[in-house]
């Protein structure tokens, strides 16, 4: 079926730039591969019973080329040509979920040349590559249609691996439509953090801050790009509990980012004093983390290795801790021994895009330049990105300082680092459990642009904001 | 391993009544079956990449007997004896997620007599029944451990079916600990609805109301028991979009309920005039729905058939629409012809408990008395509950009136009901798209208790609340 391109579009948000962008993305892919591609959007996952599902999230690879989150839908890409496969809504679906746009109308919206029911898919599957879906029901369907086992891309057969690499090369660098979405996500996330800071002095429990922040995303018809971390126990890196009471001497670490309806994410962390004023010890360590944050961002430009930015963060943190008397020795030598990682055990950041850890469903294919692999060094093993920066890449910069009992009380580490840590001095900083400062930074042709710059980072500015 | 019951518990919220209640629940189960049972809590479902998961929701059957939402955990029930199977957290998990309670400590909390790692599970699986988990990874593990295919309970083999029926008989009637949780969920949901009503005159988009309401649940460290329906298009029964602008003549239908940390749900709907004042036509139809709501609740007592309550709602709605001149004929005859279902196409409610449609993962095993099945009548097919009421049962009462184009524009239905609908008169009510009023009603020994009674239902009371 040929669809006339003069049919009206249904939704003004899908204006010409998106359809044109989708065409360009498909063409870029076609320039890199010479085999057909099937991409599945995926299906809702059941929560406690089949009809009570988690909010549907379409596959990011599908969203990149199709633009709209259509459930249980497949697109076929072949030489720049797009074919849409989906079933029309039933009468019962219309009762419960309202009228759905027709397949033919959706095909026009996304620039598909043909559109068929899913039953036709198998006859268009010969020789096609794909990317493994996240939900098991869709993976089964993929296996059935392609008549082979579907593995995660980084363990996959040659065609699927070639496809994954081609998609990585596209999605690493964001086009203007993607950037517009990423800036929308960043702006709403900035508002969410501002809202959280403003209610901080009145809040009694972490969950109250979380509610105020996530409500900003919900009110803008966005979702959270990941489970928010809103905690006075900042040393638990992925703390996803919110029941701790907030008391005046605490630091509140808030790591929260919104995701637009089209799936594009933001990722911001701020650490704020509940009382509105950092204590002198909190301020000292905050300034160490901020110095690392600022130095890393200042270094961002095309050609720079992200691994060097991570090592710069390690260096600045080591210097700062030496200056405070917490570490002993030469900062260079301390970083070489991974002593910084006692307090900064994670990587300085990651790719950001349709996924908050962009393309992490492909393992390290996106994060690591071909031929590079994760280090087994304590201070590098959690680095998620090891590539030279290129214009259009969006990365997070998120150094931190944490007192993690599982690290600092580990007998082996206490022996290894016995003489480089001044434990008595460290004990004076017991009112700091965890500090992280995270922004989203776009690599431009000549340097960088901080998409989340509207949110203060300086200690005084944060204090002023809480007081406002 | 025997665990002394003198070990301290970790969490004060798990006080003696819960542990004792869990013991009683296990004993009640043991009184009904003579085979061992394995219940899996389930695993997190991936969202867009494996590490970015949806919030974990433990299986309701697991929660009923274990009380705590432990991921990737199995309990074995045998003659009232509880055995816990789970793996201890790794060192890496402690870094990212903090210290987890030890298996032995958790065993004490929930009253388990023995506790083992998951690797031991297979040797305790002989002859055990189970309930199919919702997530595919866990279902695979169930098949592997039990060495057989695991089907949904209503299609399952005799042992699993016997287990499901025994669990239904327990979970149909809520014990005091369950009721305390259900009342907590109801109270927070009432506050959420009050908050939504109060900001209604200022809101511009549905999503702003949703944000304010869901924030109340989040602030109380609860989740939403289901996807909220917050819409000016109330005729779309499960509308889960929130982008429509709110204008002064609209009715806003808000169907939202909170779920406690232990998994117990509430489910409330209110329909409110955005302007703060119902129009005369909105008021007329609102009062018809409210009359049905009030009549149904007044009829609740042990021994009454829920199906009769549904038919009472149909009768009161038919009477009301005849009085307004929208339907023509005798209400009894109209209900017999399913004419009410043109405007009230769903059932009057359902079971409520750990699931918002309680135990719907078991198909109709919980909702339908043994030997009864869904009707194919237009006016009864969506009825989710067909049992005599018993003390301790919690049900929703949620009659509604909707103008659904897929129903009212259907040529076949327009022919069937040509002479009973006054289409010209109906056209005068075009400012009503959907109205629903829903409360959570406990069947007591002598009658009923409305758990959500603190939220107004009368039109004047809603108007007064919005103005407040």
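The values are calculated or read from the model by the stated rules, or taken from the named source; none is laboratory data. Please read all numbers here as calculations on a predicted model, not as lab measurements. Cβ atoms come from the backbone with ideal geometry, glycine included; neighbour counts cover every protein chain shown.
Values as computed for the structure displayed
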| quantity | calculated |
| --- | --- |
| Residue match in the stretch B:246-254 (condition: crowded, with 24+ Cβ neighbours inside 10 Å and either within 12 Å of chain A (Cβ to nearest Cβ) or assigned to a helix (DSSP H, G or I) (or both)) | no |
| Number of positions in the stretch A:255-266 that are surrounded by 24 or more Cβ atoms within 10 Å (Cβ to Cβ) and either in contact with a helix residue (DSSP H, G or I) (Cβ under 8 Å, 6 or more places away or on another chain) or more than 30 Å from residue A:69 (Cα to Cα) (or both) | 8 |
| Enumeration of residues in the stretch A:105-121 that are buried (at least 16 other Cβ atoms within 10 Å of the Cβ) and not in a strand (DSSP E or B) | A:105, A:106, A:107, A:108, A:109, A:110, A:111, A:112, A:121 |
| Condition check for residue A:188: farther than 27 Å from residue A:249 by Cβ and at pLDDT 95 or above | yes |
| Extreme residue, farthest from residue A:417 (Cα to Cα), among residues of the stretch A:289-329 that are part of a loop (DSSP other than H, G, I, E, B) and touching a helix residue (DSSP H, G or I) at 6+ places or on another chain (Cβ under 8 Å) | A:300 |
| Neighbours by Cβ (under 6 Å, 6+ apart or cross-chain): first from the stretch B:43-59, at the interface with chain A (Cβ under 7 Å from one of its Cβ atoms); second surrounded by fewer than 19 Cβ atoms within 10 Å (Cβ to Cβ) and in a loop (DSSP other than H, G, I, E, B) | B:45/B:54; B:47/B:54; B:54/A:54 |
| Qualifying residue in the stretch A:158-175 (condition: under 21 Å from residue A:62 (Cβ atoms), out of contact with any strand residue (DSSP E or B) (no Cβ under 7 Å at 6 or more places or on another chain) and modelled with pLDDT under 95) | no |
| Qualifying residues in the stretch B:127-151 (those that are assigned to a loop (DSSP other than H, G, I, E, B) and without any contact (Cβ under 8 Å) to a residue 12 or more places away in the chain) - the one surrounded by the fewest Cβ atoms within 10 Å (Cβ to Cβ) | B:149 |
| Residue A:276 being in contact (Cβ under 8 Å) with a residue 60 or more places away in the chain, farther than 23 Å from residue A:346 by Cα and more than 13 Å from chain B (Cβ to nearest Cβ) | yes |
| Condition broken by residue B:182, with the remaining ones in (1) within 14 Å of chain A (Cβ to nearest Cβ); (2) in contact (Cβ under 8 Å) with a residue 60 or more places away in the chain; (3) out of contact with any helix residue (DSSP H, G or I) (no Cβ under 8 Å at 6 or more places or on another chain) satisfied | (1) |
| The stretch B:382-406 - residue that is in a strand (DSSP E or B) and buried (at least 21 other Cβ atoms within 10 Å of the Cβ) and, of those, nearest to the other protein chains (Cβ to nearest Cβ) | B:402 |
| Subset of the stretch A:66-104 that is in contact (Cβ under 8 Å) with a residue 12 or more places away in the chain and within 12 Å of chain B (Cβ to nearest Cβ) - its residue that is surrounded by the most Cβ atoms within 10 Å (Cβ to Cβ) | A:69 |
| Extreme residue, surrounded by the fewest Cβ atoms within 10 Å (Cβ to Cβ), among residues of the stretch B:360-376 that are in a loop (DSSP other than H, G, I, E, B) and touching a helix residue (DSSP H, G or I) at 6+ places or on another chain (Cβ under 6 Å) | B:363 |
| Selection count, the stretch A:102-121, where residues are under 30 Å from residue B:343 (Cβ atoms) and within 32 Å of the chain's Cα centre (by Cα) | 1 |
| Residues satisfying the stated conditions in the stretch A:203-213, i.e. more than 8 Å from every other protein chain (Cβ to nearest Cβ) and not in a loop (DSSP other than H, G, I, E, B) | A:206, A:209, A:213 |
| Of all residues making up the stretch B:214-236, the number that are more than 9 Å from chain A (Cβ to nearest Cβ) and not in a loop (DSSP other than H, G, I, E, B) | 5 |
| Any hit, the stretch B:219-233, residues being touching a strand residue (DSSP E or B) at 6+ places or on another chain (Cβ under 9 Å) and without any contact (Cβ under 8 Å) to a residue 12 or more places away in the chain | yes |
| For residue B:32: the one exception among (1) away from chain A (no Cβ under 12 Å); (2) assigned to a loop (DSSP other than H, G, I, E, B); (3) touching a strand residue (DSSP E or B) at 6+ places or on another chain (Cβ under 9 Å) | (3) |
| Residue ID - surrounded by the most Cβ atoms within 10 Å (Cβ to Cβ), chosen from residues in the stretch B:332-346 that are within 14 Å of chain A (Cβ to nearest Cβ) and assigned to a helix (DSSP H, G or I) | B:342 |
